[in-house]
Amino acid sequence: MSSPGGYRPPHSQFAAPDPIGNRSENRAVTGDAFLKAGVLSEEGLNRETTTGTPQGGILSPLLANIALSVLDEHFASKWEALGPEWTRAKRRRAGHPVMKLVRYADHFVIMVHGTRDDAEALWAEVGSVLAPMGLRLSETKTRVCHIDEGFDFLGWRIQRRRWRGRAGKHAIYTYPSKKALASVVDKVRTLTRRKRHRTLADLLRRLNPALRGWCNYFRHGVSSRTFNYVDHFAFWRIVGWLRKRHVGLNMHTLVRRYLPGWRISDGGTEMFRPYKVNIERYRYRAHPSRPHGRARQHQDPPPQRPEHMESRMRWKSHVRFGGRTGETHPAKAEQGAPVRPLHRAPQAEGC
């Protein structure tokens, strides 16, 4: 069950502060005072505010965290009631639903391991939890879906798909959603209008922060192909902007003057290339993992019992010391195992 809109109170209004005051008096007073503080106009007049804060205002995330804390506590208590991991696995094998909440401000996703009926039953449960706070679910922005269908959350498209290169296996893919891609493309298209900038350096100073910020947010997902597409689109939009600014120049002269080596730069400012951004995937770190790779070489070996070390040196010394079998194992030497000839280092006379 996903709710990218989380909840939706009446437009430009928030619930009465009384329910919030029951949860935290200090937070209620702060939020109530902020809502009633008024607006100082450009003429120096103080205008009273009676409709609350608009959606997307600076106070919206704070109010969302205060109001939806009841939802966090409700599902946290249900999760703790399930017990440790082995009891949750036992419930899943028995066919009982197991669910967990993931929330960011007013956006939340409830993950359910069960049937579709178990997920549909959460509509009434979540509605009853939010009702005392004066909130309700948005039916247009809340839906129940399977992980194979996928859903959008915080600009990401999360979906289980076939694992490329692994026959018969599936994996969870997280990549930029179509809406997020369309937003950055529209921003690039708007910034590369013909009459918005006088020089190429001005254009790059406005375009680079937009591309860099978008790529840094989506660099931790499956975004390589998306970055290549954005890079291609932005590059040729700038080339088109140059052609419109210099109508009398052909493409060969334009490339020679403004695109040496097909690199876009002007006034010491070079175009940010999204395709060069390194993809760094996040990993689940709830349980500490054992160090691997080169990091393990610098750590002390685990303690071992003396008799265990003695047995390893007795029976596997030819492997550990790098010699042949006959050098360290007399029994095998008698059976004809090859013996490496003994070489003495030459010594100087008089030693």
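The values are calculated or read from the model by the stated rules, or taken from the named source; none is laboratory data. Computed from a predicted model, the values in this text were never measured in an experiment. Note that each Cβ is placed from the backbone with ideal geometry, even for glycine, and that neighbours are counted across all protein chains shown. What goes into the accessible areas is simple: the full protein's heavy atoms, side chains included, and nothing from ligands, DNA or RNA. Shrake-Rupley method; radii C 1.70, N 1.55, O 1.52, S 1.80 Å.
Could you give me the ³J(HN,Hα) list for the stretch 118-126, computed from phi with Karplus coefficients 6.51, -1.76, 1.60 and θ = phi - 60°, whole Hz, x at Gly and Pro?
5, 6, 5, 5, 6, 4, 5, 5, 5
Multiply the residue separation of residue 104 and residue 280 by 0.36 nm, subtract the distance between their alpha-carbon atoms, and state the gained length in nm to one decimal.
Here the segment from residue 104 to residue 280 would lengthen by 61.2 nm.
In nm, to one decimal, how far is the residue 266 label point from the residue 117 one, both placed 7 Å along Cα→Cβ?
6.6
Using 0.36 nm times the number of residues separating residue 232 and residue 183, minus their current alpha carbon distance, what extension gain do you get?
Extra length from residue 232 to residue 183 when fully extended: 16.1 nm.
Between residue 163 and residue 59, what length comes free when the chain is fully extended (0.36 nm per residue of separation minus the Cα-Cα distance, one decimal in nm)?
33.2 nm
Return the sequence-ordered ³J(HN,Hα) values of the stretch 151-163 in whole Hz as given by the Karplus equation 6.51 cos²θ - 1.76 cosθ + 1.60 applied to θ = phi - 60°, using x for Gly and Pro.
Listing the rounded values in order: 8, 9, 8, 6, x, 9, 9, 10, 7, 8, 9, 5, 6 Hz.
Hey, got the dipole for the stretch 130-268? About the Cα centre, +1 on K and R Cβ, -1 on D and E Cβ, debye to the nearest 20?
460
Can you give me the % of accessible surface on the stretch 137-251 that is carbon or sulfur? Probe 1.4 Å, all protein chains present, nothing else counted.
The computed percentage sits at 50.
Is any residue of the stretch 170-191 close enough, with backbone N under 16 Å, to a label point placed 7 angstrom from the Cα of residue 210 along the Cα-Cβ axis, and if so, which?
It comes to 180-191, nothing else.
Calculate one ³J(HN,Hα) per residue across the stretch 179-184 by plugging θ = phi - 60° into the Karplus curve 6.51 cos²θ - 1.76 cosθ + 1.60, and present them in order as whole Hz with x for glycine and proline.
3J(HN,Hα) across the stretch 179-184, in whole Hz: 5, 5, 5, 5, 5, 6.
Run the count for the stretch 133-260, please: Lys pairs, Cα-Cα under 23 angstrom, 8 or more apart or on different chains.
So the count works out to 7.
May I ask you to derive the FRET efficiency for residue 193 and residue 139 from their Cβ-Cβ distance with R0 = 45 Å, giving the value to the nearest 0.05?
0.70
From the P(r) of the stretch 55-95, can you give the percent of Cα pairs sitting at distances over 15 Å?
So the pairs more than 15 Å apart make up 59 percent of the total in the stretch 55-95.
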